[in-house]
Amino acid sequence: MPTQSLTDPLFSHPALDGPLSVLKRIYGYSAFRGRQAEVVSHVVSGGDAVVLFPTGAGKSLCFQVPALCRPGVGVVVSPLIALMRDQVEALKGLGVKAAALNSTLSREEYVEIRRALDRGELDFLYVTPERTATPGFIEMMQGVEIALFAIDEAHCVSQWGHDFRPEYRELGKLADLFPGVPRLALTATADPHTREDIIARLRLDEAQVFTTSFDRPNIAYEIVERDQPRQQLLRFLSRHKGSSGIVYCLSRAKVEEIASWLDDQGIRALPYHAGMDRAIRDANQDAFLKEEDLCLVATVAFGMGIDKPNVRYVAHLDLPGSVEAYYQETGRAGRDGLPSEVWMAYGMADVIQRGRMIDEGGAADDIKRVERAKLNALLAICETPGCRRQAILKHFGESHPGQCGNCDTCLKPVETWDGAEAAIKALAAIYRTGERFGTGHLIDVLTGNENDKTIRFGHTDMPVFGAGKDLPAKTWQSVYRQLLAAGYIRVDHTAYGALTLEESARAVFKREVDVRFRKDRPTTGKAARGQSSRTAQAKAGLDQADQELFEALRAKRMELAKEQGVPPYV
Ligand code: ADP
Ligand code: MG
């Protein structure tokens, strides 16, 4: 096939059914978006491509249109049966011949697919990664004309990605097995590690890499310290009456609890997790896709490949496992480009729990190290006193010009304080007590709390005992979280969550580094109530702070909506 470009007059001639004509005729769209046209043109002329576009950018068309323009069947590797099903149904709806090969097929269906393949009648064949590299599949594809291979959700090839699937590694073999057939890898995860892994593992060194900015300007980020999670969630949801969104929880039990609690509070909410009865789960997903004022409470099992454009909010009640996961999950908001809000409440307990999941998981040591690094990267975003958007984009190797002006830290800048003294005290408490205790006990030591444990271990006699009386326990919690985020300490899960010192802590002791902590916003929670004399004041402070932030967010949304000429979602 001669090399052609989109601008070639012959190529765009409708009789030849060039990309633009396919786009209009089959999909009914008038123009390609962003860099779609470039990818399509490159692949139609036989090139390999790595496509790194954010969620909602329209990656599917990047392989579907070229497959329809080239002779032969387009083979699409996709990690989830549900995802394959959706795409195959959508293609069939457009009058395109598509089929999916997966374990749920009957013998008859399988025979039917093979027959269509042999006759060259199929436009698309969707397959799972498990099947793609098998001798059966390779044998089946012998003599069949293949338009291209598309490897969707390609981050699954990398342990740096958030859905690592070992079977994806086998896909590199396609290069040798089917030489000359263009291959595309597509994903919305583009941190440098994942990107390198995709290129190396899928043997795409010759491929052209297409990226666009990962910024999602219509998404406003907010991360708060978890204090009274249910009340905090309720307040967040009260800003989104009448619109749909997702609330992510870590465990299935919590999903059920929160969904039924929200329902009791008069918010229409349905649960979704992998442990539910299949039929109910599918019904809940359908309800979410169709209805406009539903809160879906879900584990991360929900979402990949879900294309609901008007998800107005995403809330996290637990810390995700990595920045990539956070970005993907929050990225499900606002696919229609309209202003949307994402919100997360997190605390030290999350860090301990996530860390324990890593340490107690069966992974090899190097993978555990990677996982810990990923957790710390997310923690750093949670604890940043700077712009959240900048911090997130920086993680993906991108810079954002100036502060975004639309996230919680931009709208209400966090104050910082000189933490040199406090850091030394916090680290000393760890060191003096032998790096064997968790935050609760360390804070008891610092604040001079004489209890069974501090007395039994003889910690009441140490100079560090009571050395941190000047600050409330809550501040010490925050100090430890920030020391963790900055990598000066780590949690040892083999020792029941004991905090231990990292090599870098030495510089803090020697005052060689500048340590500044972010000042936590006042809260109504347990800690604030603990300081009884100031309860009313703290409470008023919170309500006001909350109100101000809300007003600022609302103003920003109005402004964005006006700019885009759409009704604001407030
Ligand atoms: P991704 O895989 O990148 O997350 P999808 O391929 O699922 O995104 O596309 C997201 C949505 O955008 C879909 O509803 C799709 O039909 C729509 N879309 C993609 N490209 C175009 C286009 N050129 N014009 C209009 N709509 C488009
Ligand atoms: Mg996709």
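What is the residue count in segment 104-147 for residues that are outside any loop (DSSP other than H, G, I, E, B) and away from ligand 1 (no atom under 16 Å from the Cβ)?
First, the residues of segment 104-147 that are outside any loop (DSSP other than H, G, I, E, B): 107-118, 124-127, 129-132, 135-141, 146-147.
With the extra rule that they be away from ligand 1 (no atom under 16 Å from the Cβ), the set shrinks to 107-118, 125, 127, 129-132, 135-141, 146-147.
Count: 27.
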Matching residues in segment 267-297 - criterion: being closer than 21 Å to Thr330 by Cα and among the acidic types (Asp, Glu): Asp286, Glu291, Glu292, Asp293
For segment 160-172, indicate whether the set of residues that are more than 30 Å from Tyr29 (Cβ to Cβ), modelled with pLDDT of 90 or more and not acidic (Asp, Glu) is non-empty. yes
Scanning segment 58-103 residue by residue, those small (Gly, Ala, Ser), part of a loop (DSSP other than H, G, I, E, B), within 15 Å of ligand 1 (Cβ to nearest atom) and surrounded by fewer than 22 Cβ atoms within 10 Å (Cβ to Cβ) turn out to be Gly58
Selection within segment 153-175 - away from ligand 2 (no atom under 16 Å from the Cβ) and open to solvent by 30 Å² or more (accessible area, probe 1.4 Å): Gln159, Trp160, Phe164, Pro166, Glu167, Arg169, Glu170, Lys173
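One line per residue, one yes/no per condition, for (1) crowded, with 18+ Cβ neighbours inside 10 Å; (2) within 16 Å of ligand 1 (Cβ to nearest atom):
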position	(1), (2)
Ile151	yes, yes
Leu177	no, no
Gln208	no, no
Phe214	yes, yes
Asn218	yes, yes
Ile223	yes, no
Asp227	yes, no
Out of Asp123, Asp118, report the one residue that is charged (D, E, K, R), buried (at least 16 other Cβ atoms within 10 Å of the Cβ) and either touching a residue at least 12 places away in the same chain (Cβ under 8 Å) or under 22 Å from Leu68 (Cα atoms) (or both). Asp123
Residue ranges of helices (runs of 4 or more DSSP H) in segment 410-519 with at least 1 members within 33 Å of the chain's Cα centre (by Cα): 420-432, 439-446, 473-485, 505-509
Just checking, how many residues over segment 83-96 are touching a helix residue (DSSP H, G or I) at 6+ places or on another chain (Cβ under 7 Å) and basic (Lys, Arg)? 0
Counting only residues in segment 24-56 that are surrounded by 20 or more Cβ atoms within 10 Å (Cβ to Cβ) and either among the acidic types (Asp, Glu) or in a loop (DSSP other than H, G, I, E, B) (or both), the one nearest to ligand 2 (Cβ to nearest atom) is identified as Thr55
Going through (1) on the phi > 0 side of the Ramachandran plot; (2) in contact (Cβ under 8 Å) with a residue 40 or more places away in the chain; (3) within 15 Å of ligand 2 (Cβ to nearest atom) one by one, Val65 fails only at (1)
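Does any residue of segment 321-333 turn out to be more than 16 Å from ligand 1 (Cβ to nearest atom) and more than 18 Å from the chain's Cα centre (by Cα)? Walk me through how you get there before you give the answer.
Residues of segment 321-333 more than 16 Å from ligand 1 (Cβ to nearest atom): 321-323, 326.
Okay, now just the ones that are also more than 18 Å from the chain's Cα centre (by Cα), so none.
No.
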Residue by residue through segment 409-442, note down the ones that are open to solvent by less than 10 Å² (accessible area, probe 1.4 Å), farther than 21 Å from Glu512 by Cα and among the β-branched types (Val, Ile, Thr). Thr409, Thr433
Has segment 451-460 got at least one residue that is surrounded by fewer than 16 Cβ atoms within 10 Å (Cβ to Cβ) and among the polar types (S, T, N, Q)? yes
Yes or no: Arg183 touching a strand residue (DSSP E or B) at 6+ places or on another chain (Cβ under 7 Å), crowded, with 21+ Cβ neighbours inside 10 Å and either of a type in the set (D, E, K, R) or at positive phi (or both)? yes
Would you mention how many residues in segment 301-356 are more than 27 Å from Ala485 (Cα to Cα) and of a type in the set (D, E, K, R)? 5
Confirm whether Leu446 is in contact with a Leu (Cβ under 7 Å, 6 or more places away or on another chain) and either under 19 Å from Gly347 (Cβ atoms) or open to solvent by less than 40 Å² (accessible area, probe 1.4 Å) (or both). no
I'd like the full set of residues that are open to solvent by 40 Å² or more (accessible area, probe 1.4 Å) and under 20 Å from Ala333 (Cβ atoms), limited to segment 247-266. Leu250
Being farther than 25 Å from Glu371 by Cβ and more than 16 Å from ligand 1 (Cβ to nearest atom) is the filter here, so list the residues in segment 289-320 that pass it. Glu291, Glu292, Asp293, Leu294, Cys295, Leu296, Val297, Arg312, Tyr313
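The values are calculated or read from the model by the stated rules, or taken from the named source; none is laboratory data. Computed from a prediction, not measured in an experiment: that's the story for all the values here. Counting neighbours? That spans all protein chains shown, and the Cβs are built from the backbone with ideal geometry, glycine included. Ligands, DNA and RNA are excluded from the accessible area calculation, which covers all protein heavy atoms including side chains. Shrake-Rupley method; radii C 1.70, N 1.55, O 1.52, S 1.80 Å.
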